[in-house]
Amino acid sequence: MTCLDKDMLDAYLEDSLSLRDRQNVQNHLLTCSACQRLFEQYLDESGTLGEQEKWHTDAVIQQVMEKVPPHPLNVLRRIDRHRAQKIDWKKRSVALMKKTTMAVAGLAVVVALGTLVSPTFASYVNGLFYAANPLKGPYTDTESVVSLYSEEQTDKGALVAAEKGYVKPLNLKVTDQGLTMEMKAVLADSARIMVLGSLADKEGKKLDTFWQDQFSRISSENVEEYRVIQLKDKNGRVLNPPNSKLPDSFRWMPLPNGENFVIGRDFAELFDDRSRLPDEAILEVRVKQLGETKGSWNFDIPIDLRPAKAATKTVSVQQKLTTPQGEWIDLKEARFSPSAAQLQFAVSEGTGRDKGVRYSLIDEQGTVLASWDDLHVIYPGEELSSNVIPGLSRGGMYNAGRLPYKNVWVHSFAPIDHTKKVTMKLDAVYTAEKADFRAKLSIAELDKKPVTVTEEGNTFTFTPVKKQERGDDTIYIIDMEGTLAKDVVGVGKSWMATDEKGESNALLLSPQITIAEDGTRKLNAQIKIRTKNKDVKEFTITYDEKIKQHDVKWEVPIQVEQ
């Protein structure tokens, strides 16, 4: 952006610029010392400094910080009242700032002066600025953020939301100890929050220190020493999952390009009733340490959920299926938001045998819009599921325990046009059945030839053993091929290996599955057994669960009322 002229300053102080232009002016004032001096001189010449008092930036910052409430959105009520009085902000901006009144023009002056000496204060005031100019609808200039939320870097749903304008640029930066953390954009949807950011050193090189911390330094016991990330409503109440006391319940993950990270939250984990989702909130990010470096990288990010909530359509379905095995599944509702189409199910407690379902979502022409198959969890493959957003999905074999309420599934897909008539066609349910599989494998015999073992129609062949030394551990590697019985679609993930000394180890499986023309499934897996025993003579391989498929026919229409 070029430097500011008188017309641009007039329009800025009179609050007559578009949101995009206001943001551009503010960002320019943060970085251009010449325009900061011009801005102050312009205010002097307009007669607002009648007493000709000298400004003391530190004192101004202190006065403002003492007066502002703890959460920027609380300021909105004050701003609205002042706007209603049609005050000439250009002539009163400095006087109002002296009195620490948080008006739009006062904010501009404080930004221009206060951010020069306080990075934390700069982040706070940036939050106030965006809160004072909330997004009234979808963002129209999407070019700058769509590439950041590409399908390759995030997921298809996030990309669609970005293209439709539900991602808002932030451009918030805090530098401390030579490290610059930047919050670039935020996806605020009724399904989730997703803030995209980056971390760079003084040369501008992108760092992944935060990712290393996740696995080498941070645990649930010490996370508060490193960071606290909380979502709060406008009254300051922390919006945490029920019964959760963790100071950091947000996921912090790197993106595949290695240059950006995402701080995210699934709203299904926060609200069993999504109607309780607030219109506005504040995401407080308080980072205290990155790697070995201690510092202060603080952000208050306003989250305006109103545009996404207005665009979200909910269909109350309330259709129940009782399976031949005595379990029941109740499709409660379908929700179509800018970044996801979600189905919510209630399920019976039953016998604990239920292992999930398989279904498709089709339109009136029979075109498959999305599909769900719980076997995808243990046997990944494109043929098993389509358009699923795993990070927003819970239930069946998709980590059901992570939801704050029991016996509820939430399945999420890339956005679907809610104006279409959609039908859910469920054709299979899965149950867990007890298995008693035992394969005694002599290492010496296995080295001579493969060994085949059969259990109730399931046949597995084990190949000769390979060994790897890893420090004090020895890893035994065995390739396995299997053919499952016709009514069996999978085997449990809890396999064990016990050596001749009675020492047991959980197996590391990397299974793949293919489906033959007759419907039987071929299983290929590599078994890895890590043990301290460097000279195992024999392993007994066991698993205690197999998964059976039961065919059903259940069709449920899903139609948004027009």
Practice problem: Considering each of Lys534, Lys553, Lys528 in turn, give the residue that is under 30 Å from Asp363 (Cβ atoms) and in contact (Cβ under 8 Å) with a residue 24 or more places away in the chain. | Solution: Lys553
Quiz item: When both residues are 6+ apart or on different chains and their Cβ atoms are under 8 Å apart, which pairs have a first residue that lies in segment 456-468 and is loosely packed, with under 13 Cβ neighbours inside 10 Å, and a second that is at pLDDT 85 or above and not in a strand (DSSP E or B)?
Solution: Glu456/Ala485
Exercise. Specify the residue that is surrounded by the most Cβ atoms within 10 Å (Cβ to Cβ); the eligible residues are those in segment 512-550 that are over 18 Å from Ala435 (Cβ atoms) and under 34 Å from the mean Cα position of the chain (by Cα).
Key: Ile529
Quiz item: Which of the following residues is in a strand (DSSP E or B), among the charged types (D, E, K, R), surrounded by fewer than 18 Cβ atoms within 10 Å (Cβ to Cβ) and assigned by TED's automatic domain parsing to the domain that holds Leu270: Lys320, Lys288?
Solution: Lys288
Exercise. Report yes if Lys164 is touching a residue at least 24 places away in the same chain (Cβ under 8 Å), outside the structural domain of Ile416 (by TED's automatic domain parsing), closer than 30 Å to Val410 by Cβ and touching a Leu at 6+ places or on another chain (Cβ under 7 Å), otherwise no.
Key: no
Quiz item: On the given criteria, is Gly295 in contact with a strand residue (DSSP E or B) (Cβ under 7 Å, 6 or more places away or on another chain) and modelled with pLDDT of 90 or more?
Solution: yes
Practice problem: Filter segment 430-449 down to residues that are assigned to a helix (DSSP H, G or I) and in contact (Cβ under 8 Å) with a residue 24 or more places away in the chain and give me whichever is farthest from the chain's Cα centre (by Cα). | Solution: Ala444
Exercise. Test Gly326 against the stated conditions and say whether it is under 30 Å from Glu433 (Cα atoms) and part of a loop (DSSP other than H, G, I, E, B).
Key: yes
Practice problem: Please work out which one of (1) of a type outside the set (A, V, I, L, M); (2) under 29 Å from Pro415 (Cβ atoms); (3) modelled with pLDDT of 85 or more; (4) surrounded by fewer than 20 Cβ atoms within 10 Å (Cβ to Cβ) is the condition Gly197 fails and give its number. | Solution: (4)
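The values are calculated or read from the model by the stated rules, or taken from the named source; none is laboratory data. These numbers were taken from a predicted model, which means no experiment stands behind them. Ideal geometry is used to build each Cβ from the backbone, glycine not excepted, and the neighbour counts take in all protein chains shown.
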